[in-house]
Amino acid sequence: MSIDEATDLIHDGLARDGRGATVSWAFLPGAGGGATLWQPVAKRFSGMVSALPDVESVPAMADALEASLLLMPAPRVLVGNSLGALVALECAQRMPVAGLMLLAAGWEFPVSEELIKRVDTKGAAMFAETARRCVGPDSEPEHLRAVVADFESREAGTMARHLRAIRDHRPRIDPAVAQPMTLVLRGGFDRSVSLRDHIALTERTGGALVPVGSAAHMPFVDHAEEVVRWLEHLRAIVVRGQG
């Protein structure tokens, strides 16, 4: 599916209300993240949030999550940010998935060895600095505190191991698998993943790129209502596709 075709589906889907239909949702956080930040959004969709396992490869994370995701009734929608987006895409090559929302991610996006070493060395002292890159310039102090607290909920060293997983991963699209309708959300102030990388992911998945202009690397934290609206649009499209 081309980007233009996917965009047309979005606009067509707005005319249909999928709120009464049953869709199963799973939300996958980013590198070093726990389950707390996605919970308010996931609750509105009766979805589950699965913190990523503390392992150093995307396939290993998908291995660990696969059984629980398969227990979800179809149609399934997977939502992931950053590393969670890579895991969601990998899971969609292994099982039927009707929809994907991938936030703050590229087909491949660079993670420098210098950054990994800094995270390894500084540990929790990096959390506040990292949190500032995750929210937009107009975010409230409670957003920063929430991001830091979420990082603190994981075991020491998790973020560095997760960053290595991003660095080493090479995404794949299985040509034998029907690919889900995909939205790629990109915050205009995201300094961690470039626009070019977001576009590459959009093109590879045949999805549609959705700008969230004043957001950064975690639009669902300080721009939750905008993300919810796009999740509702995606649900309408998924429901339409089941008819």
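Would you mind calculating the gained length between ARG196 and GLN39 on full extension (0.36 nm times residue separation, minus the Cα-Cα distance), in nm to one decimal? Don't jump to the answer; show the numbers that get you there.
Working: separation 157, 0.36 × 157 = 56.52 nm, distance 2.95 nm.
Full extension of this stretch gives 53.6 nm more.
Relative to the longest principal axis of the Cα atoms of the chain, helix 224-242 runs at roughly 40 degrees. Taking a sphere under 13 Å around the Cβ of GLY34 and counting the other residues whose Cβ falls inside, with K and R at +1 and D and E at -1, yields a net charge of -3. Put simply, the amide H of PHE109, placed in the peptide plane, has no neighbours under 5 Å, leaving out anything fewer than 5 places away on its chain.
Helix 83-92 sits at what angle to the longest principal axis of the chain, using alpha carbons and giving 0 to 90 degrees rounded to 10? Tilt of helix 83-92: around 40 degrees. I need the phi-derived Karplus couplings for segment 137-152: 6.51 cos²θ - 1.76 cosθ + 1.60, θ = phi - 60°, integer Hz, Gly and Pro marked x. 3J(HN,Hα) across segment 137-152, in whole Hz: x, 9, 5, 8, x, 5, 5, 4, 4, 5, 5, 4, 4, 5, 4, 5.
Computed from point charges on the beta carbon alone (+1 for Lys and Arg, -1 for Asp and Glu), the dipole magnitude for segment 118-190 about its Cα centre is near 380 Debye.
Can you tally the net charge around LEU102? Count Lys and Arg as +1, Asp and Glu as -1, for every other residue whose Cβ sits under 14 Å from the Cβ of LEU102.
So the environment of LEU102 carries a net charge of -3.
Other residues lying with their Cβ under 14 Å from the Cβ of ALA51 contribute a combined charge of -2, Lys and Arg counting +1, Asp and Glu -1.
Each 10 Å bin from 0 upward holds the following percent of the Cα-Cα pairs of segment 70-200: 11, 37, 35, 15, 1.
Length gained on full extension, ARG145 to ARG94, computed as 0.36 nm times the residue gap minus the Cα-Cα distance: 14.8 nm. Descending by average beta-carbon neighbour count within 10 Å, the peptides 193-203, 229-239 line up as 229-239, 193-203, the highest first. Proximity of backbone amide H atoms, modeled 1.01 Å from N, is registered between GLY30 and ASN81, GLY84 at under 5 Å, excluding neighbours fewer than 5 places apart on the same chain. Angle of helix 3-14 to the longest C-alpha principal axis of the chain, folded into 0 to 90 degrees and rounded to 10: 70°. Rounded, prolate or oblate: which fits segment 167-243, taking a ≥ b ≥ c as square roots of the Cα gyration tensor eigenvalues, rounded meaning a/c under 1.5, else prolate when a/b beats b/c? Cα axes put segment 167-243 in the oblate bin. Under the rule a/c < 1.5 gives rounded, and otherwise a/b versus b/c splits prolate from oblate, where does segment 200-243 land using the Cα gyration tensor? Taking the square roots of the gyration eigenvalues as a ≥ b ≥ c, segment 200-243 is oblate.
None of the figures in this text is laboratory data; all of them are computed from the coordinates on show. Here the structure is a predicted model, which means the values were calculated and not measured. Reconstructed Cβ throughout: ideal geometry from the backbone, glycine too, with neighbour counts over all protein chains shown.
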